[in-house]
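Presented below is the structure to which this report refers.
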Amino acid sequence: MSAADDSEDTSEADGLRKIIHVDMDAFFASVEQRDNPELRGKPVAVGGASGRGVVAAASYEARKFGVRSAMPSMTAKRLCPELIFVKSRFDAYRAVSQQIRAIFRSFTPHVEPLSLDEAYLDVTEDLHGIGSATRIAEIIRQRIRAETGLTASAGVSYNKFLAKLASDQNKPDGMCIIRPGQGAAFVAALPVRRFHGVGPKGAEKIAKLGIETGADLAAKDIAFLRANFGSFADYLYRAARGIDLRPVRANRIRKSLGGERTFSEDISSGPKLRETLDGIVDIVWERIEQAGAKGRTVTLKLKYNDFTLTSRSRSVPHAVASKAEFARIGQELLGELLPLPLPIRLMGLTLSSLEGSEKDAQTPDTAQLSLL
């Protein structure tokens, strides 16, 4: 499966959807490099540079050093001493995102945003009668470059799972097509850690079972997967075969958005717990701003070292308006639980009762996104 050429799009057989996944290349950092010529060609991180700051986005120049989003800023600076930190400008990112979505919707009303910088498009029936998903993806990428000065990568296939995998295949500024009959073979050769929804912890668990690739996963029957992965098994079974029946859903609203952190060592001291919660707030609020989400309920989750769970929630009559308010409510919930009866191995914080969220889950539907 390689970058697209000008040949006829054969990925569109009768009865199959025509799905495009468009993903902007290092979006936040690229906007900063576009708007400030002095940053071009240099390693750039969007986010806080000191204290508990985290990297919200990294340019490709920074990624060469191992800098990644959600990484503590101090770690990023150690990996790349020349790293340049810039403060996030979500108003600027949203403005560019609106330009890009206008381009998408000029081809189809069936646009499902996942975040400010990526979306699924169903072009089974496009507004211009072009008929070729490959050609539409090419035109979209050309228009994004011409109208925003930024680059985008695209994946074209017959379902969402494959289209998303394809968009990552030839990054940056690339394109990949997975045609009917090629999905299972494409997935078979991939590391399972590249499947959406399989985070570092999940990949570690899967690897311990001797499963490294899609082919290894496809060799396991559903009974084995259910015994080891519970409700996640059905997703893994289908994914290993390149199967995804989910439709593209425009304007789908997510119910919650949050993050959780599992610790390498259990913690119990009040000051350490509060410091850890502040770090989670930093990352989750970035996600809330990226999604344009507004919610009224904050939930704190703790998992003790005996694996029992406890949680506390608080709802307010208005949408949580700021990171400071989000942090205050979270800290108050934690205060209600202190002192803890046991050390904890996991902490999570979630905003729910959302309205207007632009970030939807891409199966499996997990409100909690791992921070590790």
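The values are calculated or read from the model by the stated rules, or taken from the named source; none is laboratory data. Note that the coordinates shown come from a computational prediction; the quantities given were computed from them, not determined experimentally. Using ideal geometry, Cβ is built from the backbone for each residue, glycine included, and neighbour counts are taken over all protein chains shown.
General remarks:
- Top-ranked residue of the range 206-221 - restricted to ones that are assigned to a helix (DSSP H, G or I) and touching a helix residue (DSSP H, G or I) at 6+ places or on another chain (Cβ under 6 Å), ranked as surrounded by the fewest Cβ atoms within 10 Å (Cβ to Cβ): Ala215
- Across the range 294-309, the number of residues qualifying as in a strand (DSSP E or B) and surrounded by 14 or more Cβ atoms within 10 Å (Cβ to Cβ) comes to 9.
- Filter result for the condition that a residue is modelled with pLDDT under 95, among the small types (Gly, Ala, Ser) and either surrounded by fewer than 21 Cβ atoms within 10 Å (Cβ to Cβ) or part of a loop (DSSP other than H, G, I, E, B) (or both), over Gly129, Gly181: Gly181
- Any hit, the range 294-303, residues being more than 20 Å from Ser353 (Cα to Cα) and not hydrophobic (A, V, I, L, M, F, W, C): yes
- Tabulated pairs, the range 192-217, first of a type in the set (Lys, Arg), second part of a helix (DSSP H, G or I), C-beta under 7 angstrom, 6+ apart or interchain: Arg193/Ala203; Arg194/Leu165
- Annotation: of all residues in the range 233-273 being out of contact with any strand residue (DSSP E or B) (no Cβ under 7 Å at 6 or more places or on another chain) and among the charged types (D, E, K, R), the one that is modelled with the lowest pLDDT is Arg254.
- For the range 73-112, a tally of residues being touching a Lys or Arg at 6+ places or on another chain (Cβ under 7 Å) and not in a loop (DSSP other than H, G, I, E, B) returns 4.
- Looking across Ala70, Ala57, one residue alone is within 20 Å of Gly199 (Cα to Cα), outside any loop (DSSP other than H, G, I, E, B), at pLDDT below 95 and of a type in the set (A, V, I, L, M). It is Ala57.
- Complete set of residues in the range 311-355 that are surrounded by fewer than 20 Cβ atoms within 10 Å (Cβ to Cβ), in contact with a helix residue (DSSP H, G or I) (Cβ under 9 Å, 6 or more places away or on another chain) and assigned to a strand (DSSP E or B): Ser311, Arg312, Ser313, Arg314
- The range 76-91 residues that are under 9 Å from Phe65 (Cβ atoms) and at pLDDT 95 or above, paired with ones that are in a loop (DSSP other than H, G, I, E, B) and β-branched (Val, Ile, Thr) (beta carbon under 7 Å, 6 or more apart): Leu79/Val67; Cys80/Val67; Leu83/Val67
- Of the listed requirements (1) in contact with a Phe, Trp or Tyr (Cβ under 8 Å, 6 or more places away or on another chain); (2) surrounded by fewer than 20 Cβ atoms within 10 Å (Cβ to Cβ), Ala119 misses just one: (2).
- Test for Ala203: is it in contact with a Cys (Cβ under 6 Å, 6 or more places away or on another chain) and outside any loop (DSSP other than H, G, I, E, B): no
- No other residue among Lys205, Lys164, Lys171 is more than 16 Å from the chain's Cα centre (by Cα) and on the phi < 0 side of the Ramachandran plot apart from Lys205.
- Qualifying residue in the range 121-138 (condition: within 30 Å of Ala58 (Cβ to Cβ) and in contact with a Pro (Cβ under 8 Å, 6 or more places away or on another chain)): no
- The set of residues in the range 121-141 that are farther than 17 Å from Lys171 by Cβ and of a type outside the set (A, V, I, L, M, F, W, C) comprises Asp122, Thr124, Glu125, Asp126, His128, Gly129, Gly131, Ser132, Thr134, Arg135.
- The listed residue being in a strand (DSSP E or B), at pLDDT 95 or above and in contact with a helix residue (DSSP H, G or I) (Cβ under 9 Å, 6 or more places away or on another chain), out of Leu165, Leu121, Leu150: Leu121
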